[in-house]
Every structure is written in C-alpha cells, then in structure tokens.
Amino acid sequence: MAIKRKDSSTEQKIVVAAQKTFMLRGYDGARMQDIADQAGINKAMLHYYFDTKDKLFEMVFATAYTQIAPNLSILTNESVPLMLRVENFVNHYTTVLMEQPQLASFVVNELNRNPEKVMHFLRGLVSDNTLAQAFMRSVEKEGKTNANMAKLHPIHLLMHIVSLCYFPFVGKPLFQYLLKLDEFQFQIVLEQRKQETILFLKLMIEGKK
C-alpha cells in the first residue's frame, strides 16, 4: 500500500486558516471543523496533517510569539551607550508591533488563559531570560558611575521599556473608545509614541538636563 505524502501547500493553507481562527476565537473558541472549513478541506484531511488541536495551536502560537517577541539583544550590546540602545529598541519593537498588531492581544490572551501550558512548549524558543539578566547587569554596572542610574531598579526599568511599547496595542479598543480615535488617527498616535516613549525613558535614565 502506497504511503500518502503530505502536500506542503495544503499544510500551509491549514496553518493560515488556523492563525485566522485562533486569533479570532482563541484556543477555547476555535474548533477543528472551523479550521477545516477555513482551509477548504474536510476534517479528516485536517487530522491527517495535524492530529490534535493542541499541536496546531502550538505551531500557531510559537510562530506568533517569535514574530513579536521583544528583541532584547538590542538592549544588551554594551558597546552602544545605554540610552541609544533604548532608543533603538523602542523604534524597532514599536514598528514590529505596528506591522502585526493583532498578535499582541492574541499572545497576551493565551498566556493568561493557561500560562503553565503555554510556557511549557515555549521554553525551547525563549532565550530572553538570559538576555534580560544581561541587560539588568549592564544597568547595575552603569549605576556604579552614574548617580541617576544608581537610583533605577533594573527590573522596573526593563518592565517600563517593554510595557510602554506593548500596552498601547493590547489596550487599543479601550484607547480608541476613550480618546475617540479612528483607525487612521490611532496609527498616527502609535507612530508619535515612539518619540514620546523615548523622551519619557530618557528623563528616567538621564534625569533632567
């Protein structure tokens, strides 16, 4: 009996359909039948390529996470002055999130839904913990020769840097409602926030000049 080979184009259609379905409905709301319908195949064919919803979700989530994970290596290059590292990170990370804004809420929602399970299969992808430690050590090092830096807690500084970039995307519906911003206006605000965030962090890191 001949072994049926998996077709890469069909597999890609399934992955794209799964991305749309999981991002729209989350893990709990997504059904394999919905994904099969979106991909234009029957459910049996879907299970031939991905035998469980968990396996398909893990692929989609891992892809989403790697696309929008903060590139902390930008912050750890000690040959570059700290404030310039922060500027580079803010500009880069905000741009990444603006290109794929729907991923921000998806990643946060699924991490909150089942943090232990999600982090279990992400551990092979996440090396950011060592980069985070490296950044905090560099902040402590600069604090030895910079009185203003000595006042900063490295953990809080890192959380400020990442969250100032990330939260506007997670809170987008609320901000649009409260500030009466349409999609075009909100995109302008996000672009402006790059410089606003940099100025805010500059005051925190360097103090008032």
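Here are some notes:
- Mean separation of Cα contacts under 8 Å, 6 or more apart, over the residue count of the chain: relative contact order %: 19 percent
- Peptides ranked, highest mean first, by Cβ atoms within 10 Å: ranges 7-14, 92-99, 200-207: 92-99, 200-207, 7-14
- Separation of alpha-carbon centers, segment 62-126 and segment 131-149, rounded to whole Å: 21 Å
- Computed 3J(HN,Hα) for segment 38-52, one whole-Hz value per residue from the Karplus formula 6.51 cos²θ - 1.76 cosθ + 1.60 where θ = phi - 60°, is 5, 7, x, 10, 8, 5, 4, 5, 4, 5, 5, 7, 9, 6, 9, glycine and proline marked x.
- Distance between the modelled labels on residue 174 and residue 189, one decimal in nanometres: 1.3 nm (7 Å Cα→Cβ projection).
- Length gained on full extension, residue 44 to residue 206: 52.3 nm, using 0.36 nm per residue less the C-alpha separation.
- Most to least packed among 70-78, 168-176 [average Cβ atoms within 10 Å]: 70-78, 168-176
- A Förster distance of 30 Å, applied to the separation of the beta-carbon atoms of residue 8 and residue 99, puts the FRET efficiency at 0.75.
- Karplus-derived 3J(HN,Hα) values for segment 133-142, using 6.51 cos²θ - 1.76 cosθ + 1.60 with θ = phi - 60°, are 5, 5, 5, 5, 5, 5, 5, 4, 5, 5 Hz; glycine and proline are entered as x.
Quick note: the coordinates plus some simple rules give every number you see, no bench work behind them. Since the structure is predicted, the reported quantities are computational estimates derived from the model, not experimental observations. Because the Cβ atoms are built from the backbone with ideal geometry, glycine has one as well, and the counts that use them run over all protein chains shown.
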